[in-house]
Structures are given as structure tokens and as C-alpha cells.
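The structure appears below as C-alpha cells.
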Amino acid sequence: MDIKVEKINDVVLVVLAGELNMDNSNALREVFKKSLKEANKKVLVDFEKLSFIDSSGIATLIEMFQNLGKISGRLCLCNVNKKIIGVFEITKVHKLFGIFASREEALKNI
Amino acid sequence: MSPLTTTTIIDEKIPSRLNLVSGFIAAVVRKLENLKLAEEVVFDLKLCLHEALVNAVKHGNKHHEHLTVHVLIKADHHQLLMEVTDQGEGFDAAAIPNPTADENIMASHGRGIHLIKSMMDKVTFLNDGRTVRMLKVFKGGS
């Protein structure tokens with residue numbers, strides 16, 4: 001998986017490409033830890049180029065959701081494909097995150 | 001599944017190492033390409049095999065490398081069967097908490113079996129939980 005991070009105003013944008021799974025969820029966790037350390041409250045994860053997620057990837061997102069909650073922050077996702085949305089719905093975690101159809105819409109509403 | 005028309009796609013034992021799981025699954029997915037399945041079906045099979053293998057290595061064989069995980073995958077024109085068997089102590093699948101319950105929604109683990117049960121058409125635990133048998137029925141030409 002490839003991870004790119006940039007800051008857009010007060011939002012940390014994390015762009016993922018490839019597959020988020022047990023092999024690389026720690027790399028994403030490290031990106032999230034760094035963002036928390038810098039006290040960023042708004043994190044947007046762009047899933048446009050992400051084709052697969054497993055339960056460890058879901059757990060990593062939930063961990064970040066909880067950590068952001070502690071500082072009144074927000075975790076949003078955008079460009080999530082239909083299959084991954086299906087995985088979120090099966091596990092009911094879609095209720096936790098703000099999920100937006102596009103990056104622009106997410107940046108406006110986060 | 002008719003034994004006359006069934007093709008064995010995989011019948012392999014792999015060591016209990018998590019770093020082998022992704023590569024093994026990538027090889028399985030390449031073999032599935034011959035079946036010309038819908039992309040959505042391949043996604044389901046891949047995720048369920050991934051979760052079953054990780055469970056077998058972590059919770060079944062408890063990472064003991066001398067123990068293996070047996071993966072058997074068979075298919076015919078109508079359905080595909082995956083069996084993942086570990087050499088551990090077994091477990092009671094019915095005792096696994098529902099990860100979608102409000103009190104478990106934030107849990108850091110425990111979603112794998114729920115995903116498998118939701119994405120496959122029939123899931124059976126055999127051999128005191130050491131084997132998970134997962135059946136996917138192809139619909140509408142997938």
C-alpha cells in the first residue's frame with residue numbers, strides 16, 4: 001500500500017493506494033500517531049485508489065476514530081468504493097465515520 | 001458439489017506465518033482468474049480467505065511455525081468451496097461475540113468470522129472449530 005500525506009488548511013489528508021491489510025495497517029497507524037502528536041483534529045482519508053481492506057484495516061480506522069474523539073476531532077473518509085462500503089456496512093462501522101462521495105465534499109464538511 | 005465436475009484449485013498446507021498470508025492469497029486470486037468470476041465475487045472470496053487464514057495462524061495455531069494451515073479450494077460451474085483447517089485446539093464459533101453489537105463496535109478485533117458469515121452463502125465449522133468451510137454460490141453468470 002502507498003500512503004501519501006498532505007495538509008490542506010487544517011485538514012490532514014491521507015491518500016491510500018493499493019490494499020490496506022494486516023501487512024501494512026501499522027504504517028497507517030504510524031501516520032495517524034504522527035497526526036495526533038501534532039494535535040491535528042481533522043483527518044480525511046481518501047480511498048479512491050484503495051481496492052481492498054481487511055479487519056485489521058478497519059480496526060486501525062476505529063482506533064484513530066477513538067483517538068480523535070478524545071480531542072474532539074473528526075475522522076472522515078471519501079471516494080470509498082462499493083465493495084469497501086459493503087464491508088463497512090456488514091461490520092456497522094460506517095455509522096462511525098463521516099463518509100463522503102468526493103474529496104471536495106469531504107473537505108467542505110469535515 | 002458434484003464430484004464429477006469439481007475442479008480442485010488449491011490443496012496446500014502452509015506454515016503458520018502471517019507474512020505468508022498475502023502472497024498465498026495473491027496466488028489463489030491468480031488461479032481464480034481462470035474461473036472468470038465477477039470482480040465482486042473475487043473480492044468476497046479474497047477477504048473471507050484472508051480472514052480465515054489469519055484466524056487459523058493467530059488463534060488456531062497460535063503462530064507456531066511447525067503447525068500448518070491446510071487450504072482446500074474446489075469449484076464447479078455453480079459454486080466454490082473453501083476449507084481452512086488449523087492444527088490448534090479448536091473453538092466454539094457460537095461463543096464469539098457479535099462485533100456489530102453497540103458494546104463491541106469499537107473493539108480492536110473480532111470482525112473476521114462475522115465478515116465470513118456475511119459474505120459467503122454457507123459457513124460451517126467442523127472438527128471442533130479447527131475447520132471453517134465456506135461456500136459461495138455463483139449467481140447470474142458470476
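The values are calculated or read from the model by the stated rules, or taken from the named source; none is laboratory data. These figures come from a predicted structure and were not determined experimentally. Neighbour counts run over all protein chains shown; Cβ positions are idealised from the backbone, glycine included.
A:Ser35 - would you say it is within 14 Å of the chain's Cα centre (by Cα), surrounded by fewer than 21 Cβ atoms within 10 Å (Cβ to Cβ) and of a type in the set (Gly, Ala, Ser)? Answer is no for this residue. One residue stands out in the stretch B:34-55 among those that are within 17 Å of B:Asp11 (Cα to Cα) and modelled with pLDDT under 95: the one that is nearest to the other protein chains (Cβ to nearest Cβ), namely B:Leu35. Within the stretch B:104-115, the set of residues being within 20 Å of A:Met64 (Cβ to Cβ) and more than 9 Å from chain A (Cβ to nearest Cβ) comprises just one member, B:Asn104.
Go through the residues of the stretch A:48-69 one by one and say whether even a single one is more than 13 Å from every other protein chain (Cβ to nearest Cβ), modelled with pLDDT of 95 or more and more than 22 Å from B:Ile25 (Cα to Cα).
Taking the stretch A:48-69 first, the residues more than 13 Å from every other protein chain (Cβ to nearest Cβ) are A:48-49.
Filter again for modelled with pLDDT of 95 or more, leaving A:48-49.
Adding the requirement that they be more than 22 Å from B:Ile25 (Cα to Cα) leaves A:48.
The answer is yes; a qualifying residue exists.
Screening the stretch B:58-67 for residues that are assigned to a helix (DSSP H, G or I) and more than 10 Å from every other protein chain (Cβ to nearest Cβ) and picking the one that is farthest from A:Val87 (Cα to Cα) gives B:Gly60. When you look at B:Leu80, is it closer than 26 Å to B:Asp121 by Cβ and either modelled with pLDDT under 95 or surrounded by 13 or more Cβ atoms within 10 Å (Cβ to Cβ) (or both), yes or no? Yes: the conditions hold for B:Leu80. Here the condition is being outside any loop (DSSP other than H, G, I, E, B), crowded, with 16+ Cβ neighbours inside 10 Å, hydrophobic (A, V, I, L, M, F, W, C) and more than 13 Å from every other protein chain (Cβ to nearest Cβ); of B:Val28, B:Val21, it holds for B:Val28 alone. Counting only strands (runs of 3 or more DSSP E) wholly contained in chain A, the ones carrying 2 or more residues that are more than 27 Å from B:Asn55 (Cβ to Cβ) and among the charged types (D, E, K, R) occupy A:2-8, A:42-53.
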